[in-house]
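Input: a single structure, listed below in structure tokens.
The values are calculated or read from the model by the stated rules, or taken from the named source; none is laboratory data. The structure presented is a predicted model; accordingly, all values stated were derived computationally and were not measured. When we count neighbours, we look across all protein chains shown, and the Cβ atoms used for this are built from the backbone with ideal geometry, even at glycine. To get the accessible areas, we keep the full protein, side chains included, count just its heavy atoms, and leave off ligands, DNA and RNA. Shrake-Rupley method; radii C 1.70, N 1.55, O 1.52, S 1.80 Å.
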Amino acid sequence: MPSTLLFFARARDLAGTDRARLEGPPPATVGELRRVLLDRYPALAPIAPHLLIAVNQAYAQDPDSIPDGAEIAVFPPVSGG
């Protein structure tokens, strides 16, 4: 089952889209997803190490697994003030 990628704010601008599908099995981990994102959307490179990733509406870290058919949200780094 395909996974859905949702891009927000600066990540959306750099990816050039707000939504995409990952066909086939998803990357096994969030860390692997980062590599897939860079291959598919090279313009994300400047912020890639700092992207926040949520899997099924819960923030995830690089070692976390991604289930089949997941909704994956990609957020740029945020700062407070």
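Observations, loosely collected:
- Accessible surface of the chain, 1.4 Å probe, proportion on carbon and sulfur as whole %: 54 percent
- Fraction of antiparallel bridges per DSSP, the chain only, in percent to nearest 5: 75 percent
- Within the chain, GluC sites (Glu not before Pro) in DSSP loop having at most 14 other beta-carbon neighbours inside 10 Å: GLU23
- Helix-derived mean residue ellipticity, 222 nm - over the chain, DSSP H n ≥ 4, -39500 (n - 2.57), to 500: -6500 deg cm²/dmol
- Accessible area per residue, Å², the chain with all protein chains present, probe 1.4 Å: 58 Å²
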